[in-house]
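**Student:** There's a structure below that I have some questions on.
What follows draws every value from the coordinates through simple rules; no lab data is involved. If you're wondering where the values come from, they're calculated on a predicted model, not measured in any experiment. Quick reminder, even Gly has a Cβ in these numbers, built from the backbone with ideal geometry, and neighbours come from all protein chains shown.
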Amino acid sequence: MHGTVLKYFSNYYYVQVKPDEASAPILLECMAKSLLKKQGSLILTGDVVLLDEVNIGNKTARITEILPRTCVLNKPKIANVQRVLVFVPLAQPSLDLRQLDRLLAHVHLSGLAPSVIFTKTDLLPSNPVLWEQLGFSGLEELLSFYTSVLGIPAVATSIIEGSPYFSAVSTLSGQLQSLGGNWVLAGVSGAGKSSLLNQLNPQFNLKVGAVSDKLERGTHTTRHTELLELFPSVWVADAPGFSHLAFEAIEPEQVQQGFPEFKAVVEKTQCQFPSCLHQSEPDCAIIAAVEQGLIAKTRYLHYSELLKDVTETFESACKQSHKQEIGGVKQGNSKQGGKTSAVVRLDPKLREANRKQYNQQLNQLHETLETAAQENRLDEEI
Ligand SMILES: Nc1nc2c(ncn2[C@@H]2O[C@H](COP(=O)(O)OP(=O)(O)OP(=O)(O)O)[C@@H](O)[C@H]2O)c(=O)[nH]1
Ligand SMILES: [Mg+2]
Ligand SMILES: [Zn+2]
């Protein structure tokens with residue numbers, strides 16, 4: 001028998017199964033087969049799994065295998081979703097378009113489709129200086145930029161009845177129903193993810209938490225990722241929010257894939273260098289497009305900041321694995337200030353192997369951290 005993991009809680013996986021087409025779905029409390037644990041296979045919410053030792057009366061079973069995934073999103077950690085609903089608060093915590101573009105890049109790099117929801121329109125900032133700093137005249141222009149220029153569906157709403165854009169909740173509900181599939185909610189802690197799900201279906205009764213006044217930060221109320229059936233054939237996963245989104249397992253050249261409007265430009269006009277990172281290289285099509293107003297300056301700025309971050313992480317990880325690769329190194333000579341010093345250079349083949357090793361190590365690290373986080377959550381729940 002197979003089923004879908006809806007959540008992990010207190011050391012058990014909750015797996016929904018349908019014993020046959022006609023029967024109603026049943027939720028089973030499952031442990032994982034010890035071999036799966038030994039192999040280090042991490043079972044995720046959204047995974048389709050094979051089961052044995054199924055006891056429908058006791059509602060228990062054992063997970064023996066994880067079926068191939070269509071995709072995995074790292075933050076929040078979930079498998080087999082098609083769409084990500086990115087939450088961006090307009091206030092409390094304050095509107096942060098850099099964080100939004102980072103998150104959109106993360107979703108695009110994971111090969112998923114994002115939609116954006118700007119929350120808390122009742123607290124909409126009206127200060128024109130603030131909007132000017134953000135590069136938009138107001139919310140309408142912001143919405144139209146993400147929807148029309150970037151082609152990412154975007155809505156703004158509030159859970160406070162009678163406030164501007166309140167009716168957009170039903171527009172969103174219509175969109176979710178017409179697109180269908182599995183969705184995961186992503187965004188900073190305190191953005192209003194759980195609150196909006198409760199608004200869409202009050203029976204969910206999800207826990208919500210206040211945003212701290214002083215720090216203007218959420219309090220990490222949602223602790224685990226859980227798939228819920230919102231409408232027939234529409235599943236949504238409420239997930240823990242985060243404070244900062246780090247990009248670890250990617251290389252600097254990949255960052256631009258997180259900004260789809262760049263691709264449209266280089267498809268028409270190529271940069272002089274195929275490996276151009278669009279910073280200060282000559283004859284760069286992206287820099288020219290920014291100057292001509294074809295690419296928004298804020299998006300280019302957010303790309304450059306993310307590129308810097310990724311490059312720093314990548315270089316320090318490469319240095320780290322470089323040191324460990326003492327066997328198989330080539331000794332070269334270079335002249336510095338009249339002195340000859342020995343430089344250690346890696347064989348290019350080894351460098352390539354190093355990158356792969358580096359990515360593998362990072363993936364392993366992610367899994368170890370996630371297991372540790374799950375255990376911590378467990379401790380907190382107890
Ligand atoms: N004024 C206002 N407050 C809202 C709105 N939506 C949510 N909130 C408040 O924002 C706070 C955080 O909401 P949550 O739904 O817990 O946020 P979350 O994104 O699920 O946060 P985490 O679970 O920590 O990731 C709560 O105090 C909510 O009542 C809104 O539209 N307007
Ligand atoms: Mg929450
Ligand atoms: Zn370029």
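**Student:** What does the highest-first list of 181-193, 267-279, 34-46 look like by mean Cβ count within 10 Å?
**Tutor:** Listed from highest to lowest mean packing, they are 181-193, 34-46, 267-279.
**Student:** K38 to S10: extension gain in nm, 0.36 nm per residue of separation minus the Cα-Cα distance?
**Tutor:** Between K38 and S10, full extension yields an extra 8.1 nm.
**Student:** Using a 10 Å cut-off around each Cβ, can you sort I56, I66, I295 from fewest to most neighbouring Cβ atoms?
**Tutor:** I56, I66, I295
**Student:** Can I ask one more? Mind listing the phi-derived Karplus ³J(HN,Hα) values for region 100-110, rounded to whole Hz, using 6.51, -1.76 and 1.60 with θ = phi - 60°, and x for any glycine or proline?
**Tutor:** 4, 5, 4, 5, 5, 4, 4, 5, 4, 5, 8
**Student:** Here's another thing I want to ask about it. On alpha carbon coordinates alone, what is the Rg over Rh value for region 72-238, Rh being the Kirkwood radius?
**Tutor:** Dividing the radius of gyration by the Kirkwood radius yields 0.93.
**Student:** Arranged by the count of other C-beta atoms within 10 angstrom, fewest first, what order do L200, L103 take?
**Tutor:** Ordered by Cβ neighbours within 10 Å, fewest first: L200, L103.
**Student:** Classify region 1-157 as rounded, prolate or oblate, taking a ≥ b ≥ c as the square roots of the eigenvalues of its Cα gyration tensor: rounded when a/c is under 1.5, otherwise prolate if a/b is larger than b/c and oblate if not.
**Tutor:** Cα axes put region 1-157 in the prolate bin.
**Student:** Which of K7/K75; K77/K319; K18/K207; K33/K207; K37/K207 have a Cα-Cα distance over 26 Å?
**Tutor:** K77/K319; K18/K207; K33/K207; K37/K207
**Student:** Enumerate the calculated ³J(HN,Hα) couplings along region 291-301 in order (Karplus 6.51 cos²θ - 1.76 cosθ + 1.60, θ = phi - 60°), each rounded to whole Hz, writing x wherever the residue is Gly or Pro.
**Tutor:** 5, 7, x, 7, 10, 5, 4, 4, 5, 5, 4
**Student:** If you bin the C-alpha pair distances of region 2-66 every 10 Å from 0, what whole percents do you get?
**Tutor:** It works out to 24, 59, 16, 2, in whole percents.
**Student:** While we're here: Under 16 Å from a label point 7 Å along Cα→Cβ of L179: give me every residue in region 102-141 with its amide N that close.
**Tutor:** Only 103-119 fall inside the zone, counting backbone N under 16 Å.
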